[in-house]
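Everything below concerns the one structure shown next.
Taken together, the values in this text are just the output of simple stated rules run on the coordinates, not laboratory data. Keep in mind that what you see is a predicted model, and the values were worked out from it rather than measured. Reconstructed Cβ throughout: ideal geometry from the backbone, glycine too, with neighbour counts over all protein chains shown.
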Amino acid sequence: MSRFSTAVREGAVRGVLAAGLLAICAAGVTAEIAKPSPIDILFERKHLSNVEAGKDLVYKFERTVSQAELLGQPFTDDIKIEVKKATADGKRDVVVKVFSGNRAREPHPIDELTGNPILVVFLDRAVASYMSVAGGKIAYLKDKFRTALRERATVEPVKIKIGDTTVDGQRVSVQPYAGDLNAAKMRGFENSKFSFVVSDVAPGQFVEMDALYENTAKEAPRLEERTSLVGAEVLK
């Protein structure tokens with residue numbers, strides 16, 4: 001996996017979460033002031049600045065499949081971001097806990113983050129899951145995802161409900177492999193869709209991330225993986 005580092009923190013994100021797709025958007029991109037770019041929304045903001053020490057961000061991960069015999073079993077589990085230390089400049093020391101029970105990964109501490117590492121977890125899994133259904137090489141798929149987020153991603157306003165309050169948010173959407181020169185080799189999954197809902201009011205800012213692996217053939221299997229902030233709801 002390639003580095004996600006500068007997209008989620010000042011300096012390198014060390015360890016397992018440091019290796020991943022976040023390198024796709026870190027360098028040489030300037031956000032528009034009047035209309036924030038997808039890169040600004042996802043990678044350049046201090047997402048954790050509104051989460052104090054001692055607080056946890058809890059995300060529900062949902063994996064749904066149409067044909068379990070081909071794609072594996074569906075499941076629901078939690079991903080937790082525990083904030084251990086906070087500084088006035090927006091940096092946070094965190095521990096990332098992905099899944100529970102037999103699926104649990106080793107808890108991973110990361111110091112001095114500004115971005116929310118839930119994005120790292122989602123993007124890393126998104127590309128790996130795409131490769132599992134569509135084939136291809138991980139380096140190629142990451143590169144295409146990077147290019148699509150920089151050049152073809154769209155941003156639209158959405159409403160989000162947090163508790164009893166409705167707030168404004170933004171949805172970033174992208175189809176990184178649509179129209180690809182190698183689409184014929186992607187087993188019909190080239191139109192897979194990925195979206196990210198963000199609000200600066202929501203704790204940690206990331207509200208929902210969705211990966212929809214849908215085939216052009218109606219009889220083909222369908223996979224969806226969604227990660228959503230517990231306590232928040234995107235109003236469709």
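Summary of values
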read-out	value
Percentage relative contact order, the chain, counting C-alpha pairs under 8 Å, at least six apart	20
Mean projection area, nm², convex hull over Cα of the range 106-228	9.5
Over the chain: helical MRE at 222 nm, DSSP H runs n ≥ 4 each giving -39500 (n - 2.57), nearest 500	-5000 deg cm²/dmol
Taking the C-alpha atoms of the range 90-164, convex hull volume expressed per residue in Å³	195
Among 70, 223, 48: highest mean-square fluctuation, GNM of the chain, C-alpha pairs under 10 Å	70
Full-extension gain in nm, residue 159 to residue 100, via 0.36 nm per residue minus C-alpha separation	18.2 nm
Among 148-154, 210-216, the order from most to least packed when residues are scored by Cβ within 10 Å on average	210-216, 148-154
Partners for residue 236 among lysines (Cα-Cα distance below 24 Å; same-chain residues under 8 apart left out)	35, 60, 159, 161, 193
Cβ-defined net charge surrounding residue 196, 9 Å radius [Lys, Arg +1; Asp, Glu -1]	-1
Cα-Cα separations in the chain greater than 26 Å, expressed as whole percent	35
Computed FRET value (nearest 0.05) for residue 220 with residue 58, which takes r as the C-beta separation and R₀ as 25 Å	0.15
Cα long-axis angle, helix 138-151 against the chain (0 to 90 degrees, to the nearest 10)	70
